[in-house]
1. State the number of residues belonging to segment 253-277 that are part of a loop (DSSP other than H, G, I, E, B), at negative phi, in contact (Cβ under 8 Å) with a residue 24 or more places away in the chain and exposed (fewer than 15 other Cβ atoms within 10 Å of the Cβ).
2. Does segment 207-224 include one or more residues that are over 20 Å from the mean Cα position of the chain (by Cα), modelled with pLDDT of 95 or more and assigned to a helix (DSSP H, G or I)?
3. Can you confirm whether residue 234 is without any contact (Cβ under 8 Å) to a residue 24 or more places away in the chain and either closer than 18 Å to residue 218 by Cα or in a helix (DSSP H, G or I) (or both)?
4. If the Cβ limit is 6 Å and pairs must be 6+ apart or interchain, which residue in segment 239-252 that is at negative phi and modelled with pLDDT under 95 pairs with which residue that is surrounded by fewer than 21 Cβ atoms within 10 Å (Cβ to Cβ) and outside any loop (DSSP other than H, G, I, E, B)?
5. Does segment 113-154 hold any residues that are more than 17 Å from residue 264 (Cα to Cα), assigned to a helix (DSSP H, G or I) and free of Cβ contacts under 8 Å to residues at least 24 places away in the same chain, and which are they?
């Protein structure tokens, strides 16, 4: 049943993505995180230890609550009818994946770049990146879009796929809960340096194996799509640790090597400058078409993950 749910979810995401009118579990997760954070900050000591404790409580409650609630719903649906149980799992598996949405948003950035509408391109890329975009050049916008496709290929597509192949929709949505916590709380700034510590570490653990598998799948996808697989392997081996996170540079380095471009480097987040290392070699200037190339590799890597995971079941 899990295999059919995963296959159906993959097709649903590929066809429809995440329609804006449809309620999404990640939105609900975000609201729960915000309310729980506010509740805990008002009651726990405003000390580093108190903030670490608060973040730890969030990191326990949200994933455990997500797994228990979604498992219960799937179980009840399956008891009513096996077909209803399959439909619920399939629907949630589709919502746990972000391939279609990632392609749509990054392609919108590409469309603005080829029209030479830099303000519109900056606005479009701001929807999918966390960095400040107001002063980005066209090259900076392109890099940001390619980096986002590469990084989210792991935590937005391949990692959820792997978790749902193991534990169906409940485990995939539990992973999404962990990933959402990191996105909201995992900043190393004054507000979240301590509160976000445990959620960020939990996300590192949850992504450790999937991110490395995703990088290897990206190397295979580079060969399949006519990009530089040898370059992807070489840069992944060399630059996969060029990030504060142990996981974020895995697929990004494979993507940079496959395209023969340089990614990452210094960036501004909430007005604060971060001197991040570069990833890859600038064998040629990056260009808008690299966004489309990255999208193709992302889809092929995802299809490989699905095929190999299905074969292992």
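1. Count: 1.
2. Yes, segment 207-224 has at least one match.
3. yes
4. Once the first residue is at negative phi and modelled with pLDDT under 95 and sits in segment 239-252, its partners that are surrounded by fewer than 21 Cβ atoms within 10 Å (Cβ to Cβ) and outside any loop (DSSP other than H, G, I, E, B) give 246/204.
5. The answer is 118, 119, 120, 121, 123, 124.
The values are calculated or read from the model by the stated rules, or taken from the named source; none is laboratory data. Remember, it's a predicted structure, so these values are computed and weren't measured experimentally. Don't worry about glycine lacking a Cβ; one is built from the backbone with ideal geometry, like all the others, and counts go over all protein chains shown.
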